[in-house]
1. Which of the numbered conditions does A:R136 fail, given that it passes all the others? Conditions: (1) over 16 Å from A:T73 (Cα atoms); (2) over 25 Å from the mean Cα position of the chain (by Cα); (3) surrounded by 13 or more Cβ atoms within 10 Å (Cβ to Cβ); (4) not acidic (D, E).
2. Can you tell me which residues in region A:363-411 are under 34 Å from the mean Cα position of the chain (by Cα) and basic (K, R)?
3. Please give the strands (runs of 3 or more DSSP E) falling wholly within region A:312-411 in which 2 or more residues are on the phi > 0 side of the Ramachandran plot and away from RNA strand B (no atom under 11 Å from the Cβ).
4. Which one of the conditions (1) within 20 Å of A:V399 (Cβ to Cβ); (2) away from RNA strand B (no atom under 12 Å from the Cβ); (3) surrounded by 13 or more Cβ atoms within 10 Å (Cβ to Cβ) does A:H305 fail to meet, given that it meets all the rest?
5. In region A:29-60, how many residues are under 13 Å from the mean Cα position of the chain (by Cα) and part of a helix (DSSP H, G or I)?
6. Between A:D83, A:D106, A:D78, which is at pLDDT 90 or above and either of a type outside the set (K, R) or surrounded by 13 or more Cβ atoms within 10 Å (Cβ to Cβ) (or both)?
7. Could you tell me whether any residue of region A:224-243 is in contact with a strand residue (DSSP E or B) (Cβ under 9 Å, 6 or more places away or on another chain), within 16 Å of RNA strand B (Cβ to nearest atom), modelled with pLDDT of 80 or more and not assigned by TED's automatic domain parsing to the domain that holds A:L135?
8. Tell me which residues, restricted to region A:246-279, are surrounded by fewer than 19 Cβ atoms within 10 Å (Cβ to Cβ) and among the β-branched types (V, I, T).
Amino acid sequence: MTLLEELELRGFIHQCTDSDKLDSTLKEELITFYIGFDCTAKSLHVGSLMQIMMMRIFQKYGHTPIVLIGEGTTKIGDPSGKDQSRKMLSSEDIKLNSKNLTKVFDIYLDNTLKNKPIYSNNADWLENINYINFLRDYGKHFTINKMLSFDSVKLRLDREQSLSFVEFNYMILQAYDYLELHNRHNCKLQIGGSDQWGNIVNGIDLIRRDSSKEVYGLTTPLLTNAKNEKMGKTVDGAVWLNEDMLTPYDYWQFWRNVDDRDVFRFLKLFTDIDIAEINDLEDKKDLDINSIKVLLANAATEMLHGKDNAILSEKTANDVFKNEGSSKNLPSINVKFDKNIDIYLNEQIVGVGFTSSKSEARKLIKNSGVKINRVLVSDELKTLSINDFDNNKELLVSVGKKKHFIIKLLD
RNA sequence: GGAGGGGUGCCCGAGUGGUUAAAGGGGACGGGCUGUAAACCCGUUAGCUAUGCUUACAUUGGUUCGAAUCCAAUCCCCUCCA
């Protein structure tokens, strides 16, 4: 199986500039390729995981990935796929984000190989550009006519939304990134999400015009779930990859709870499990979809957070769901009785962070959402008493079916 | 520089002097059904020492018994013209 065949089978490929030529190039030589990541957040989330997995597979086949950190372009802001321009981030924030989000590559990519990843930052060249020289040398290769025809621009104009000149320049700078990486590292392939197609093609054109070299572009499909929603970002928090942004258990739960229809697709995209093995599973007559979700959750969690965390997460999940919260691995909070002060249950729920206000916790209790020691609480102003605690001086509080915590009694 | 439109809760969006903590939708959360899935049904969705109080419709000030709603100034966004 060739690299491109494997990618195709696993569902990584959306568009490719010249797949036949790219295929033969990949067979003949080990190339250098790049994927760009912007620095708009403190961590990458599952939305970027497809790109990261791509790098991993390319590396497995011997090619060298360049992780391009877009500190420079983040200062401009990519208009692709966005209705509105977003607010500009400060240079300090961008630096900080850049530092935090690159941690994850050490986990997914192998630093010990000969083809270990190259880390590059486009601020290194973009920040020193001389405007006049840049316009003379590269500006001449771009026509406004063509730039206006790109989706990212057209969409904004069609909807009569403003597109600032700064954002309009984004595509030129990204094209220049590709040229720069081509010159520095003989980079021959750029990979990106499907919304990056226009930007990638621009870079390829620029390289052809500047140095008459043929380079390639490849895009991944937009990662959506079965409901056709963009994955990885929710209102109250994305599925972050950095451990300090999302715990391994929550990460495990994310994969455990994917839609039935997504399971095999995700297994192919986000695990190292052999493609033939996955197909066998899929063909099984009496398949147990839930055990396969566990397999997915374990494989994905192990890759990011390590085997121990994956095992622990599965065990915690078993305790939480099969035994209604008998785990030692639950969050806990300590409490001490004082004759004069009542300990309200709703305050404890806020204390572990399950709700953000006492009112919210009270409403939860009122709506039959809270149990202590598996018994429904009906009094929204419930105060704790010694009798609520068991012999180990512990009290199990369940918020909904999935969230539990332990209150420990201190002497 | 000129003309016009607009800024409402997590998001979209209705409301143009009083029963407005603000319709409707989305999202999120809880309950029911279930498989920790999907679909569907019900409820909740500003805070608090809670039949009350406080804060909230860009900001500040004003008119009024009473303002998201009227007036003024300021800030921001958008469209068109030059």
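The values are calculated or read from the model by the stated rules, or taken from the named source; none is laboratory data. Keep in mind that this is a model prediction, so the values were computed, not measured. Note: ideal-geometry Cβ built from the backbone for every residue, glycine included; neighbour counts use all protein chains shown.
1. (3)
2. A:K363, A:K371, A:K401, A:K402, A:K403
3. Details: elements: A:332-336, A:370-372, A:394-399, A:403-410.
Fully inside region A:312-411 and qualifying: nothing.
4. The number of the failed condition is (1).
5. Within region A:29-60, residues that are under 13 Å from the mean Cα position of the chain (by Cα) and part of a helix (DSSP H, G or I) number 8.
6. On the way: A:D83 fails: at pLDDT 90 or above; A:D78 fails: at pLDDT 90 or above.
Exactly one residue qualifies, and that residue is A:D106.
7. yes
8. Correct list: A:T247, A:I273, A:I275.
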